[in-house]
1. Just one of 274, 335 is hydrophobic (A, V, I, L, M, F, W, C) and away from ligand 1 (no atom under 16 Å from the Cβ); which is it?
2. Is it the case that some residue within the stretch 229-246 is open to solvent by 60 Å² or more (accessible area, probe 1.4 Å), of a type in the set (Lys, Arg) and touching a strand residue (DSSP E or B) at 6+ places or on another chain (Cβ under 6 Å)?
3. Here are the criteria: (1) modelled with pLDDT of 95 or more; (2) within 29 Å of residue 293 (Cβ to Cβ). Tell me which single one residue 379 does not satisfy.
4. Of all helices (runs of 4 or more DSSP H) completely enclosed by the stretch 102-155, which ones contain at least 1 residues that are surrounded by 15 or more Cβ atoms within 10 Å (Cβ to Cβ) and of a type in the set (D, E, K, R)?
5. List the number of the failed condition for residue 12; all other conditions in (1) within 26 Å of residue 244 (Cα to Cα); (2) aliphatic (A, V, I, L, M); (3) at pLDDT 85 or above hold.
6. For the structure I just gave you, tell me whether residue 396 is of a type outside the set (Phe, Trp, Tyr), surrounded by fewer than 17 Cβ atoms within 10 Å (Cβ to Cβ), in contact (Cβ under 8 Å) with a residue 12 or more places away in the chain and within 16 Å of ligand 1 (Cβ to nearest atom).
7. Can you go through 215, 265 and tell me which one is assigned by TED's automatic domain parsing to the domain that holds residue 524 and open to solvent by 40 Å² or more (accessible area, probe 1.4 Å)?
8. Can you tell me how many residues in the stretch 358-393 are within 16 Å of ligand 1 (Cβ to nearest atom) and either surrounded by fewer than 23 Cβ atoms within 10 Å (Cβ to Cβ) or assigned to a strand (DSSP E or B) (or both)?
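The values are calculated or read from the model by the stated rules, or taken from the named source; none is laboratory data. Here the structure is a predicted model, which is why all the values come from computation and not from measurement. Note that each Cβ is placed from the backbone with ideal geometry, even for glycine, and that neighbours are counted across all protein chains shown. Side chains included, ligands, DNA and RNA excluded: accessible areas come from the protein's heavy atoms. Shrake-Rupley method; radii C 1.70, N 1.55, O 1.52, S 1.80 Å.
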Amino acid sequence: MELRGRLTGIAASEGVAVGPVFVHAPGEPRTERQSITEDEVPRELERFEAAVEAVVPKLSATAQKMREAGNEDEAAIFEAHIELAGDPELAEGVAGRVRGLQSPEAAVLAVGEEYAGLFAGMEDSYMAARADDVRDVARQIAVEMTGEAEAGLEALEVPSIILAPALAPSDTARVPRGMALGFVTAEGSKTSHVSIMARSMGVPAVVGVGGAALEEAFGADTVALDGGQGYAIADPDPETVAEMERRQAELEAERLSLEEYRHKEARTSGGRRIEVSANLGSSTEAEGALEWGAEGVGLFRTEFLFMERDELPSEEEQYEVYSRVAAAFGEKPVIFRTLDVGGDKDLPGVEQPAEENPFLGWRGIRMCLEVPELFKPQLRALLRAAAHGNVKTMFPMIATADEVHAARAVLEECRKELAAQGTQTGPMEVGVMIETPAAALCARELAPEVDFFSVGTNDLVQYTLAADRGNERLGHLQSAGHPAVLELIRLTCQAAEEAGIWVGVCGEAAADPDLMPRLIELGVKELSMSAPSIPRAKKAISEV
Ligand code: PEP
Ligand code: MG
């Protein structure tokens, strides 16, 4: 067997697979007819409108299909596509070009490309990944006009590894159930749709391997893929196949051995109860987290809701998202962290100064306290959502007790305003993140002011060791096991114990089986992590 080589990319979805190759590299819709004549303009504009009208119900039907299959993430993608298809600016852009005598099919592709370029240029990786959505929608409208049937993925009859330059949501949705063993794409990031989809389908994916490498692999018969390591091998030799099969058996055995822990209450061997919760970034992750066995949400990072868009989300929109998550978790606690942006992350709708040291700058609670039009709608939405579940609120980046007093004062002000309006609210515990050394060292002063602490080890490590958390050269310093960090956690737990409040950990260290015994010994009561890590953590706790 010929060894065509290794494709290295981004590890987008865990797991290994070996299987036959299915190449999906569709050409662009035929747009030979580039221009039209003056008297054709009205009819061509109508054709464009009719194409949009034909595409929208198809998208709705797919969204409905996804929702019925319990796949909220994908349903949300198609709903976004419906909005894009009906976007007045898209229609305006196309109409302008058609009046300039360009054919509508060529015009919609060109306008789609312009938009995609704008998205792709955005720094935020989530927004950049939206470029594919725009292209996908434009292509579907064009195909509707050229009358070409979309062929390919729906015809897949043998479970295969799908190789494609890029995979749009409308592509992945056409793959028959069980026919995708894995995905390898030339483009993409961890937040591309194909990555999200692969994770929700539970199949491996390696994305961003580059066009040239991918095309070389198009001629291969089989591909071996390790989505956890981020590489694929075209036409692997027998040793590689054997190695992959061994990994596959190992992962499967691990998955089966963890199954019994998934929905168990975690207890140490000595019987101490530890709550294992999920870290979430969007409401669509709630169901999945419950399936992984989450006993609550230890950290809901609300910033994604603010960063995925051009303007600030309204109180109403936030209320809908927060109450949806709270309702999904029922009596289980859901801790929403108030907005933690600033510094290196831009927030559309808020003017941020350029800073020399963004991580030591105007971020988190510092920004929120100074921008009430940002903070108050969020707090009001949380208070209202608290009527629908066990909602708790947590303030990030606390360094002084004054910040806690000030934040609580704004919260009380919001509660009074809502009461005066006759709007329903619910009871809500309030906590703070312990992620600055100052907060840990002043934990005794902070503890009487709050209901709980949650240790953010990601930032606590970076600030304690003066080691930027994004700098891969400093890996040896980025450890929550450093005695200085453990000492700060010890002080935090001691102060909490004295004040009768509980402590959780929601940084990456919470999922580290080597650190768990130490954290539990120090008095940590809750560990919050990415949902797929939950069964593994519950098992590790039972062995403490
Ligand atoms: C942390 O700092 O550990 C944390 C959980 O917050 P984030 O990673 O969002 O800064
Ligand atoms: Mg943090």
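1. 274
2. No, the stretch 229-246 contains no residue that is open to solvent by 60 Å² or more (accessible area, probe 1.4 Å), of a type in the set (Lys, Arg) and touching a strand residue (DSSP E or B) at 6+ places or on another chain (Cβ under 6 Å).
3. Evaluating residue 379 over (1) modelled with pLDDT of 95 or more; (2) within 29 Å of residue 293 (Cβ to Cβ) leaves (2) as the failure.
4. Once the helices (runs of 4 or more DSSP H) in the stretch 102-155 are filtered for at least 1 residues that are surrounded by 15 or more Cβ atoms within 10 Å (Cβ to Cβ) and of a type in the set (D, E, K, R), what remains is 104-120, 131-146.
5. (3)
6. In short, no.
7. It is 265.
8. Going through the stretch 358-393 one residue at a time, the tally reaches 10.
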